[in-house]
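The next block holds one structure in the form of structure tokens; read it before the comments.
The values are calculated or read from the model by the stated rules, or taken from the named source; none is laboratory data. Since we're looking at a predicted model, the values are computed, not measured. Cβ atoms come from the backbone with ideal geometry, glycine included; neighbour counts cover every protein chain shown.
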Amino acid sequence: MSTPPVGTPPVSSGTPTRRPPVGQVELVAIAILAVLLGGRWIVPLLDHPSLATWSTIFVAIVVQSTPFLVMGVLLSAVITALLSEKVLRKVVPRNPALGVPVAGVAGIGLPGCECAAVPIAGSLIRRGVAPAVALTFLLAAPAINPAVIVSTAVAFPGEPMFVLARFVASLLTAVAVGWWVLARAGRLPMLDRGGTLDPDASKRDRFVQTVRHDFLHASGFLVLGAILAASINTFVPREVVDTVAGQAVLGVLTLALFAFLVALCSESDAFVAASFTAFSPTAKLAFLVVGPAMDVKLASMEAGRFGTAFARQFVPVVLVTAVVSASLVGWWLL
Amino acid sequence: MAFLGAVLVRLAFTDAYLRYVTEWMKWPILLSGVLLVVLAVGLVVAPPSSHDGHDGHDHADDDGHGHGGLPLVTWLLVLPGLVTFVISPPQLGSYLAERRSGETAPVAKPADLAQLEEGEVVDVDVTEFIWRAQDGGETLDGQQVALTGFVSYDRDGAWYVSRLTIGCCAADAMAYQVEVDDPSDDAVRPPRDQWVKVTGTYASGTGTDGTTPPTITAAEVVEVEEPRQTYE
């Protein structure tokens with residue numbers, strides 16, 4: 001657990017928005033102690049299969065995502081602290097309109113879950129890469145990397161067109177959103193909560209600082225997303241989803257919404273999609289295109305990183321684009 | 001941070017992590033856990049000397065999330081650890097399997113198939129059994145098989161030997177069930193979530209359509225210990 005930095009003056013600075021440094025740490029410490037000591041009395045109250053299932057899924061999502069988040073944070077620290085301007089300028093094309101598709105294709109190179117992508121995109125922006133380019137990468141990386149392609153092929157044996165459709169539709173979504181961000185450049189209320197870096201600090205200090213800062217900022221939102229996703233997963237029965245399987249349009253929309261809410265990791269969602277036997281292929285495709293691009297976990301993390309105002313615009317646009325692109329590609333290829 | 005790190009390390013050292021994620025995640029979990037602990041300890045033991053200057057920056061453009069730029073949400077980090085310690089979430093079982101019943105997904109061909117031998121009892125995975133049934137069921141005809149799984153029920157009171165599979169983590173768990181038909185007079189109805197080994201033969205023609213579970217006609221049902229890895 002972190003403690004407030006030593007040597008900060010007490011509340012005297014008088015900034016009204018600032019919370020007193022005392023409080024948070026102590027309160028949480030007391031709460032933890034109370035729960036640990038009182039556990040014996042609390043547990044029987046919580047002893048219900050649905051709650052047990054919820055907590056298993058909740059812990060599973062966090063345990064599963066944390067290594068990927070750590071990996072993303074480390075990579076983002078490398079980008080922030082170690083990559084020189086010169087290298088960065090060589091890799092990223094100067095013209096952002098051109099950079100968007102390049103970033104989309106570059107997403108193939110990051111075999112990880114979507115949680116890794118948020119800090120990486122953040123650090124790219126911090127280093128002066130155009131937001132449109134960084135966000136395209138954020139959308140493309142979890143959807144079209146080799147691990148995802150392989151697992152999709154395994155989950156849909158004998159249907160290579162389905163794998164191709166997923167790849168095309170996801171890439172299309174990422175690039176389209178990238179260009180949208182570019183077109184709205186300057187009018188998007190984007191905050192960078194990346195924090196400021198001490199220009200005098202050594203590379204090693206900068207590296208450690210970035211890792212700590214990025215992790216602490218992203219992880220809380222990851223947990224929040226996991227709470228929501230686990231609740232949907234446990235308490236919404238599958239039959240509710242299955243009732244609309246017959247309708248073409250409603251089926252697509254339902255699976256897209258479901259993908260947003262359950263927040264599965266992109267390497268395994270193909271197996272879940274394959275289990276929706278009653279749905280049309282296009283609806284399954286929508287599930288696979290929406291999931292990696294946007295879900296509650298990602299929305300929560302992006303709101304934390306880039307500000308709520310930004311997420312309020314970005315999240316719906318990504319959702320709509322993903323559904324439209326999945327429908328078009330599904331109609332064309334499947 | 002250290003708390004979550006410590007929890008991760010602890011999960012990786014005991015086999016508890018198998019309840020939540022797949023086997024190969026062990027080392028990534030352990031590594032990231034250790035890293036988090038080291039980072040947090042570093043923060044306490046040796047606060048970076050540049051911190052005062054850094055703090056000064058933050059206050060200039062304070063965006064409302066308080067001390068040192070740490071958002072309140074960060075405290076949620078302790079929640080997974082608390083839940084792990086207090087509730088100690090179990091592996092998923094019949095509750096989920098019963099909610100997910102009614103859907104039997106087409107099973108992909110298992111990577112390694114059991115060697116079937118005429119006249120002998122062969123241990124077969126639940127998923128493999130379902131795959132063979134969906135494949136037409138000929139390979140199972142007349143074959144004595146043993147299925148291991150936990151017990152779940154449906155609304156009509158029929159019981160199933162079930163297994164869950166996970167692709168990535170417990171959030172994407174899928175249930176696979178084989179209905180148990182026990183024709184003997186002293187047919188047992190084991191309690192929910194009890195692990196059992198069911199020996200018997202495939203009931204021809206069941207579960208071939210890929211949407212309903214196949215049936216095993218049981219010759220013997222034995223209660224067994226829960227395996228180390230409960231997911232298939």
Name the residue, out of A:Val296, A:Val290, that is β-branched (Val, Ile, Thr), in contact with a Gly (Cβ under 7 Å, 6 or more places away or on another chain) and within 19 Å of A:Ala121 (Cα to Cα).
A:Val296
Selection from region A:127-163 of residues that are within 14 Å of chain B (Cβ to nearest Cβ), in a helix (DSSP H, G or I) and modelled with pLDDT under 90:
A:Pro142, A:Ala147, A:Val148, A:Val150, A:Ser151, A:Thr152, A:Ala153, A:Val154, A:Ala155
Selection from region B:154-199 of residues touching a Ser or Thr at 6+ places or on another chain (Cβ under 6 Å), within 14 Å of chain A (Cβ to nearest Cβ) and surrounded by fewer than 23 Cβ atoms within 10 Å (Cβ to Cβ) yields B:Asp154, B:Gly167, B:Arg192, B:Asp193
What do you reckon, is B:Gln229 at pLDDT 80 or above, buried (at least 24 other Cβ atoms within 10 Å of the Cβ) and under 26 Å from the mean Cα position of the chain (by Cα)?
no
Looking at this structure, is A:Val272 aliphatic (A, V, I, L, M), within 11 Å of chain B (Cβ to nearest Cβ), more than 18 Å from the chain's Cα centre (by Cα) and surrounded by fewer than 16 Cβ atoms within 10 Å (Cβ to Cβ)?
no
Quick check on region A:49-104: of everything there that is in a helix (DSSP H, G or I) and among the basic types (Lys, Arg), which residue is surrounded by the most Cβ atoms within 10 Å (Cβ to Cβ)?
A:Arg89
Determine whether A:Gly178 is modelled with pLDDT under 90 and either among the small types (Gly, Ala, Ser) or within 30 Å of A:Ala270 (Cβ to Cβ) (or both).
no
Residue within region A:236-255 that is surrounded by 22 or more Cβ atoms within 10 Å (Cβ to Cβ), within 21 Å of the chain's Cα centre (by Cα) and more than 11 Å from every other protein chain (Cβ to nearest Cβ) present:
yes
Of all residues in region A:290-318, how many are away from chain B (no Cβ under 14 Å) and either over 27 Å from B:Leu72 (Cβ atoms) or of a type outside the set (A, V, I, L, M) (or both)?
7
Residues of region B:122-138 satisfying the condition of being surrounded by fewer than 16 Cβ atoms within 10 Å (Cβ to Cβ) and at pLDDT 85 or above
B:Val122, B:Asp123
